[in-house]
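Colleague: The structure that follows is given in the form of C-alpha cells.
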Amino acid sequence: MKFIETRGNDGKNPAAITFSQAILSPMSSFGGIYSPETLPVLDDAFIKAHVGSGYKTLAKDILQAFEVDIEPSVIDAALSLYDKFDDPNNPVPVEKIYEDLYVSELYHGPTRAFKDMALQPFGKVLSAVAQARGEKYLILAATSGDTGPAALETFKNRENIQVACLYPDGGTSDVQRLQMVTEDADNLKVIGIHGDFDDAQSALKSLLVSDVFADALKAHDISLSAANSVNFGRIIFQIIYHIHSYLELVRKEVIQLGEQVYLNVPSGNFGNALGGYYAWKMGLPVKQIHIASNNNNVLTQLITTGRYDIRDTTVIATTSPAMDILKSSNVERVLFDLYGAERTKELMHKLDREKHYELTSDELSRLQTIFAADFCTDEEGLSYIKQAFDQEGYLMCPHTATCFKAYDTCREDKSIKTIAYSTAEWTKFSPVIANALSDETFDYDVDALKMIAKKASITIPAQIAALFDKEIAQKTVIDKQDIEKEILSFLDA
Ligand SMILES: *Cc1c(COP(=O)(O)O)cnc(C)c1O
C-alpha cells in the first residue's frame with residue numbers, strides 16, 4: 001500500500017511512498033502529510049471471522065490488510081508489547097455504563113493514558129526500521145503531559161533512537177512529571193522549560209528550522225524524526241481498537257454483527273477520531289462519530305457550521321489539557337479523503353495564512369453524514385464525573401467526561417448503542433477528580449489520589465504509587481533559549 005500527499009506534489013518530494021518511509025518522514029509537499037492512497041476493505045466476513053480473535057490477532061490481520069512493508073517478526077515483537085497491559089488477553093476492556101453507553105478503556109498500558117495504544121508498538125517498529133537502514137534518529141517531543149511519558153517509555157533503551165522530551169515545568173500533573181523525570185536510560189533526555197506548553201512547542205519548532213542544529217545533527221550522523229500524532233505509524237494502531245471495541249460489544253451480546261453503533265471520541269489533535277473514521281471507511285458498521293471537545297471548541301464549530309476560525313482565539317487552559325488545542329492536525333486527512341488534495345491545499349493554506357476557512361454547504365453536508373460534535377465546559381465535566389461516580393461507581397478522567405456531554409446531545413437515534421473512549425486513568429488527573437467528588441481543591445496529586453482511593457474503596461495502582469518513591473533521574477530545568485545547547489551536549493555525551 002502506498003501513501004500519498006494531502007496537499008499534492010511539489011515535484012521535489014516523492015509523490016508516493018511506502019509505510020516505512022511515511023513513518024520516518026511524515027511531512028510532505030506544501031506543508032502536507034502522507035495519507036493512505038486507498039484503504040483496505042474489511043468486509044462482513046473479516047469482521048465475523050474475528051469475533052473469536054484476541055487483540056493481537058486482529059491487529060496483525062489489519063496491518064496485513066494495509067500491506068505494510070515491515071518484517072513479520074518485527075510486527076510480532078511490536079504487538080507483543082500489549083502483553084505489558086493490565087490484561088494481556090484483552091488490553092482494551094469495554095465497560096458498561098448505561099444500557100446503551102459503553103466505555104472502551106484505552107488506558108491500561110504502562111503510562112496510564114491512551115498514547116500507549118499506538119506508541120508502544122510504534123516505538124518498536126520505528127527502532128527496527130532505523131536499525132535495518134543503519135540510520136540513527138533523534139526524536140523530539142514537546143508534551144503537555146501524556147505524550148512525553150508514553151514516548152519515553154516506548155523508546156527507552158531502543159537501538160538507533162535517542163529522545164529529547166520538553167515539558168513545561170509546573171504545567172503538568174505531579175504524576176505526569178514524575179513519569180518523565182524518573183525515567184533513567186542513556187538514550188533519553190527530559191528537559192523542563194520555564195514556561196508553558198506553547199513555549200515548549202515553539203522552542204521545538206524553532207529547533208526544527210535551525211541551521212546550527214541541523215549541521216550539528218549531521219556531524220553526529222543523526223536524522224530527525226517525529227513521534228507526534230500526524231505520524232501514520234501511530235494512526236494505524238489507532239484503527240485497531242475501534243474494531244476491537246465493536247467486536248467486544250458483539251461478544252457481550254449487546255449488539256449483533258452488522259448492527260450500527262455510535263463512536264464517541266474525546267478529541268484534540270484528532271488522531272483517535274481519525275482512527276474511527278478510517279475504521280468506518282474500511283467497513284465497520286458505524287452510524288456516526290461524535291466528536292467531544294472542551295472549551296477549545298474549534299472542532300465543534302467546524303462540524304456544526306463548516307467554519308474553522310481561530311482568528312482572535314487563544315488556547316484556553318481547561319481541566320482536560322490534552323485537548324487544549326486550536327490547530328487539530330489530523331483533520332487534514334479527513335479533508336483530503338473527502339475533498340481531495342487540491343481543495344485540502346487551498347483550505348489548509350488559508351488556515352495557515354489567514355487563520356480561518358469555510359466549507360461549502362455541500363462539503364459540510366458530506367462531513368455531517370459521518371460526524372456530529374459538541375463541547376463540554378469544565379463545570380459540566382465535573383458534574384459528569386460526579387454523576388458517573390455517584391450513580392455507577394465509575395471513576396473517569398476529565399477528557400472522558402467530555403464524551404458524556406456529546407452522548408447527551410449528539411444522538412439522533414436513541415436505539416443505537418454508543419461506544420465512548422476513555423483516554424486516561426483517573427490517577428493521571430486526580431486533583432480534578434477529587435475536586436469533582438468533594439468540592440475541595442487539592443494542590444498535590446498524592447493527597448487527591450489518597451482521597452479518591454478512600455472514597456472509592458480501592459487502592460492506588462502500584463505503578464502510580466511507586467512513582468513518589470522513585471529517584472529523580474532527570475533534573476534539567478532551563479530557560480528556553482538554552483534548549484539547543486542542552487540537547488547538543490546530550491548528543492555529545
Ligand atoms: C492525547 C489525548 C487526547 C486527545 O487525543 P487526539 O487523538 O489528539 O484527539 C485525549 N485525552 C487524553 C487523555 C490524551 O492524552
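Colleague: Just one of (1) out of contact with any Ser or Thr (no Cβ under 8 Å at 6 or more places or on another chain); (2) within 16 Å of the ligand (Cβ to nearest atom); (3) farther than 15 Å from Ser329 by Cα trips up Arg234, so point out which.
Modeller: Looking at each condition in turn, Arg234 falls short on (3).
Colleague: Determine the pairs where a residue that is assigned to a strand (DSSP E or B), located within the stretch 85-101, has a partner that is acidic (Asp, Glu) with Cβ atoms under 8 Å apart, the partner being 6 or more residues away or on another chain.
Modeller: Every condition considered, the pairs that remain are Val94/Glu105; Val94/Glu248; Glu95/Glu105; Ile97/Glu392; Tyr98/Glu392.
Colleague: Inspect the stretch 287-298 for any residue being more than 13 Å from the ligand (Cβ to nearest atom), under 29 Å from Ala45 (Cβ atoms) and assigned to a loop (DSSP other than H, G, I, E, B) and give the result as yes or no.
Modeller: No; the residues of the stretch 287-298 include none that is more than 13 Å from the ligand (Cβ to nearest atom), under 29 Å from Ala45 (Cβ atoms) and assigned to a loop (DSSP other than H, G, I, E, B).
Colleague: Among the helices (runs of 4 or more DSSP H) contained in the stretch 318-423, which hold 2 or more residues that are touching a Cys at 6+ places or on another chain (Cβ under 7 Å) and either away from the ligand (no atom under 16 Å from the Cβ) or open to solvent by less than 10 Å² (accessible area, probe 1.4 Å) (or both)?
Modeller: In the stretch 318-423, 398-410 are the helices (runs of 4 or more DSSP H) which contain 2 or more residues that are touching a Cys at 6+ places or on another chain (Cβ under 7 Å) and either away from the ligand (no atom under 16 Å from the Cβ) or open to solvent by less than 10 Å² (accessible area, probe 1.4 Å) (or both).
Colleague: Here is a check on your reading of the model: is Thr304 open to solvent by 10 Å² or more (accessible area, probe 1.4 Å), more than 14 Å from the ligand (Cβ to nearest atom), out of contact with any Lys or Arg (no Cβ under 9 Å at 6 or more places or on another chain) and among the hydroxyl-bearing types (Ser, Thr, Tyr)?
Modeller: Answer is yes for this residue.
Colleague: Go through the stretch 257-282 and report how many residues are away from the ligand (no atom under 12 Å from the Cβ) and either open to solvent by less than 10 Å² (accessible area, probe 1.4 Å) or of a type in the set (D, E, K, R) (or both).
Modeller: 9
Colleague: Moving to a separate point now. Scan the stretch 213-231 residue by residue and report those that are more than 16 Å from the ligand (Cβ to nearest atom) and either assigned to a helix (DSSP H, G or I) or among the aliphatic types (A, V, I, L, M) (or both).
Modeller: Those that are more than 16 Å from the ligand (Cβ to nearest atom) and either assigned to a helix (DSSP H, G or I) or among the aliphatic types (A, V, I, L, M) (or both): Phe213, Ala214, Asp215, Ala216, Leu217, Lys218, Ala219, Ile222, Leu224.
Colleague: With (1) within 16 Å of the ligand (Cβ to nearest atom); (2) hydrophobic (A, V, I, L, M, F, W, C); (3) farther than 21 Å from Phe114 by Cβ as the list, and Val254 as the residue in question, which single condition is left unmet?
Modeller: (1) is the only condition that Val254 fails.
Colleague: Filter the stretch 456-493 down to residues that are among the basic types (Lys, Arg) and touching a residue at least 60 places away in the same chain (Cβ under 8 Å) and give me whichever is most open to solvent (accessible area, probe 1.4 Å).
Modeller: Let us first name the residues in the stretch 456-493 that are among the basic types (Lys, Arg), namely 470, 475, 480, 485.
Subsequent filtering for residues that are touching a residue at least 60 places away in the same chain (Cβ under 8 Å) retains 470, 475, 480.
Values: Lys470: 107, Lys475: 155, Lys480: 95 Å².
Looking at residues that are among the basic types (Lys, Arg) and touching a residue at least 60 places away in the same chain (Cβ under 8 Å), I get Lys475.
Colleague: Next question, about the same structure. Sort out for me the strands (runs of 3 or more DSSP E) sitting completely within the stretch 124-204 that have 1 or more residues that are within 16 Å of the ligand (Cβ to nearest atom) and small (Gly, Ala, Ser).
Modeller: Once the strands (runs of 3 or more DSSP E) in the stretch 124-204 are filtered for at least 1 residues that are within 16 Å of the ligand (Cβ to nearest atom) and small (Gly, Ala, Ser), what remains is 136-142.
The values are calculated or read from the model by the stated rules, or taken from the named source; none is laboratory data. Computed from a prediction, not measured in an experiment: that's the story for all the values here. In this analysis, Cβ positions are derived from the backbone assuming ideal geometry, glycine residues included, and neighbour counts consider all displayed protein chains. Surface accessibility is based on the protein's heavy atoms, side chains included, excluding ligands, DNA and RNA. Shrake-Rupley method; radii C 1.70, N 1.55, O 1.52, S 1.80 Å.
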